[in-house]
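One structure below.
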Amino acid sequence: MKRIISLLTALFLMAAMLPATASIYDPDAILMYVITPDGNKLNMREEPDPNAKVLTKIPYGAEVTVYSDILGMVWYHIQYGMFNGYVKTEFLTDRQPRPFITPTPKPTAKPTPKPTATPSPAELIAREIEAARSLGIVPQGMLSEGNVTWQELDGLLTNAVRLKSKNPAANRSHLYLTLEEYQAANAGAQFSIVLRGLAAAEMYGALIDMGEEDPRLNHSHDPYIADAADITMAQEYAGVVTTADSSDWRQLPLLDMVITVLDHADTASGKPVLSIDAEHLFSPTHPLTRTDAILGVYRLYGSFHTGIGTVLVTHIRQANLRAEPSMKAAIVGKADPGNVYEVVGIPADGWYQIMLPNGTTACIAAGMVSFTMN
């Protein structure tokens, strides 16, 4: 009888060590392994708090059970032996690590670090153009030298609309000037190439096609435009008359459209869609080069998001991308630390569905990222 009472007492003591909300059985729990940068033991704490009581220390490489109730991007709820508590996510891995070997310091002197070369403006532009080509914005065979044509600008904007709407068959429905109207405009030799003012109007229409319900609401950086008269002249060249209170967006003052487009900037680089010169002149009657057009549409595409928000991969190593919101789902890719993705859905608690650069979607665990709502 005493042995039975002793056994019951031991069981009660073990149960008392578990939090009241913990579930001993979790069908979605997975196995992970402890990995620390210095090979030391990992503290398991009573609560998901760095100041909470340490329940035990888990050896490097030890196997632990990770419950499915992941807490944000910092803590995992785990079971190790008879202990049930919390550890930081950065110290667990889904692959068993090799035994830790303490590195032997080398007596050789450290080489003098070479200063990192700052990319030239031309190199930065070349990188953006290459990124636009990789993304699929630049039409096949389009050069980056010379002045852009109406057809080339239309191709750039159409590709941006298709990428943003995730519809490979989408076409622009908001055109400031059709090709026929453009060719018939009474502007003489100046209409042998696209004017900047009209390019801004075409970009304004593309913003609507990409999901901006009212592009004019985006006026956080309203730039100073010194050549309003030239912008009005460009509108006269186009043969479009401004009409007050018109429901036709094309009859807005061209100056409003130019300011709206200049107000947009690429969210990654902070660079404006179309540039102004050192004297704050937009120069709407100047030629629009192919480089200007490629950079402008690429930055326009990156100037706003239509999804729920974005996630930044904060895990110290690559994060798994899965086909479904489950740790048991197939791995369909990897996300590098520092990568940013658009969130298109939250399919389950602790998971985000993200849009990949190739237009497909995948799921990533909330513990691997930080989320910013649009």
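The values are calculated or read from the model by the stated rules, or taken from the named source; none is laboratory data. Because the structure is predicted, anything quoted here is derived from the model rather than measured. All Cβ positions, even for glycine, are placed from backbone atoms using ideal geometry, and neighbour counts span all protein chains on display. Remember, those area values only see protein heavy atoms, side chains included, never the ligands or the DNA or RNA. Shrake-Rupley method; radii C 1.70, N 1.55, O 1.52, S 1.80 Å.
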Net charge near P99 (other residues with Cβ under 15 Å of its Cβ; Lys, Arg +1; Asp, Glu -1) is +1
Solvent-accessible area of H174 with every protein chain in place, 1.4 Å probe, in Å² to the nearest 10 = 50
Residue-count net charge about P121 - beta-carbon cut-off 13 Å; Lys, Arg +1, Asp, Glu -1 = 0
Positive minus negative residues near T65 (Lys, Arg vs Asp, Glu; Cβ under 15 Å) = -4
Set of lysines with alpha-carbon distance to K164 below 29 Å, sequence-local pairs under 8 removed = K271, K334
Going through the stretch 107-179, which GluC sites (Glu not before Pro) have at most 13 other Cβ atoms within 10 Å and a DSSP loop state?
-> E145
Probe 1.4 Å, all protein chains present, accessible-area order of Y298, Y176, largest first | Y298, Y176
Could you pull the accessible area for K334 with a 1.4 Å probe, rounded to 10 Å²?
-> 90
Over the stretch 322-374, calculate the relative contact order: mean separation of alpha carbon pairs under 8 Å at least 6 apart, over the residue count, as a percent.
-> 30
For F371, tell me the accessible area in Å² from a 1.4 Å probe, rounded to the nearest 10.
-> 60
Which order do L195, L135 take when ranked by solvent-accessible area (1.4 Å probe, heavy atoms of all protein chains), largest first?
-> L135, L195
Taking all protein chains as present, what is the carbon and sulfur share of the accessible area of the stretch 85-130, in % to the nearest whole number, probe 1.4 Å?
-> 60
Taking only protein heavy atoms and a 1.4 Å probe, the highest-to-lowest accessible-area order of S275, S283 is S275, S283
